[in-house]
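The values are calculated or read from the model by the stated rules, or taken from the named source; none is laboratory data. All values reported here derive from a predicted model rather than from experimental measurement. Don't worry about glycine lacking a Cβ; one is built from the backbone with ideal geometry, like all the others, and counts go over all protein chains shown.
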Amino acid sequence: MAGHVFHPGHQELHGTTVVVTGRSGRTYVGRFHEQGDRGLEMHDVGVHDPASAALPRDAWLERQHQFGIRVDHRHLILPPAEVGEVRRLGAPPSPET
């Protein structure tokens, strides 16, 4: 349901599994906690780094969606300069990405 907040008093995506396109080229998948001045805070995060990945990004995302997140970091704060598009896992990327 649009506009539904998982935990009242938090941002709309709080507790939702999201995909974050990093400006470094990395992709992050995990549970959105909050986004503020210090960056985007996430829990149970998997990271796709194209420099060392065994799978292409889209295949990696499909595996994360199908089988669950392979957690690389229990808690991660992405600095504001790294945060690009943020979308729900399974939602299509915006046309400009």
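Scanning the range 1-19 for residues that are touching an Asp or Glu at 6+ places or on another chain (Cβ under 9 Å) and either at pLDDT 90 or above or of a type in the set (Ser, Thr, Tyr) (or both) returns Thr17, Val19. State all residues of the range 47-81 that are farther than 17 Å from Gly25 by Cβ and free of Cβ contacts under 8 Å to residues at least 24 places away in the same chain; if no residue qualifies, say none. Those that are farther than 17 Å from Gly25 by Cβ and free of Cβ contacts under 8 Å to residues at least 24 places away in the same chain: Glu62, Arg63, Gln66, Phe67, Gly68. Restricting attention to the range 20-38 and to residues that are modelled with pLDDT under 95, outside any loop (DSSP other than H, G, I, E, B) and out of contact with any His (no Cβ under 8 Å at 6 or more places or on another chain), the residue that is surrounded by the fewest Cβ atoms within 10 Å (Cβ to Cβ) turns out to be Gly36. Among all residues of the range 52-65, there is none that is farther than 15 Å from Val20 by Cβ, of a type in the set (Lys, Arg) and part of a strand (DSSP E or B).
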